Amino acid sequence: MVKGRRRGFVSWFVEPYKQVRLGFMFLLVNLAFAALMVGVFGYYVMDMYDAVVTYFRLSGDESAATMQKFGVPIVVGAVLIVLFIVTTILVSVRYTHEIYGPLVSIHRYLDDILNGKNPAPIKLRESDQLVDLATKLNSVAERVASDMRAGPMINIHRFLDELLDGKTPAPIKLRDNDNFYELAEKLNKVAAKRLKS
């Protein structure tokens with residue numbers, strides 16, 4: 001288990017503000033359709049109730065009993081609408097998690113590259129969105145890393161070629177974090193000893 005990893009419903013919120021903002025449109029659409037369904041359904045149920053009371057000339061007690069019969073489908077309809085809204089909200093939060101989770105990983109990955117660090121490959125779950133993008137970014141980073149490795153090697157090869165030709169090569173200058181920094185320093189020392197002897 002990864003240390004600090006959250007579990008359950010709370011783990012669905014990677015970027016709560018952005019996820020809620022994205023899911024807010026789903027909520028508005030749901031509420032609008034829920035209000036429309038309640039209004040239309042309620043109007044027709046009440047219209048049928050009034051028609052039954054008027055047509056059969058029901059007394060007060062009979063009217064109350066009939067209203068109870070109409071109340072059951074109204075309650076069932078209201079519960080179904082609430083379940084629809086809750087389910088849609090949960091699905092939208094889960095779906096946005098599958099988008100924002102990878103986006104956070106991709107942002108960290110790109111920040112590492114921009115800061116000159118060697119980022120670990122992006123690892124996403126199978127259920128996540130943007131897997132293709134993450135795979136392509138991993139491939140780009142591998143190419144960039146191989147190009148960066150080739151850069152110091154060009155300097156080292158040039159240095160060795162000059163040394164073999166009997167010339168006095170300029171010292172190899174690499175950054176401390178380059179992969180071949182130690183090798184370059186050793187070659188510089190070898191060349192310096194050769195010049196002294």
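The values are calculated or read from the model by the stated rules, or taken from the named source; none is laboratory data. Note that this is a predicted model, so its numbers are computed, not measured. With ideal geometry, Cβ positions are generated from the backbone for all residues, glycine too; neighbour counts draw on all protein chains shown.
Conditions (1) at pLDDT below 80; (2) more than 30 Å from residue 92 (Cβ to Cβ), marked per residue:
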{"residue": "109", "(1), (2)": "no, no"}
{"residue": "114", "(1), (2)": "yes, yes"}
{"residue": "143", "(1), (2)": "yes, yes"}
{"residue": "158", "(1), (2)": "no, yes"}
{"residue": "166", "(1), (2)": "no, yes"}
{"residue": "181", "(1), (2)": "no, yes"}
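Would you confirm whether any residue within segment 86-105 is at pLDDT 80 or above, more than 30 Å from residue 30 (Cα to Cα) and in the same structural domain as residue 32 (by TED's automatic domain parsing)?
yes
Based on what the data block shows, is residue 26 among the aromatic types (Phe, Trp, Tyr), modelled with pLDDT of 80 or more and either farther than 19 Å from residue 124 by Cα or surrounded by 15 or more Cβ atoms within 10 Å (Cβ to Cβ) (or both)?
Here the answer is no, as residue 26 does not meet what is asked.
Quick check: is even one residue across segment 49-58 over 34 Å from the mean Cα position of the chain (by Cα) and not in a helix (DSSP H, G or I)?
Yes: one or more hits.
Is it the case that residue 75 is of a type in the set (A, V, I, L, M, F, W, C), in a helix (DSSP H, G or I) and free of Cβ contacts under 8 Å to residues at least 12 places away in the same chain?
The answer is yes for residue 75.
Quick one: in segment 150-197, which of the residues that are among the polar types (S, T, N, Q) and in a helix (DSSP H, G or I) is farthest from residue 119 (Cα to Cα)?
If we take residues in segment 150-197 being among the polar types (S, T, N, Q) and in a helix (DSSP H, G or I), then 188 is farthest from residue 119 (Cα to Cα).
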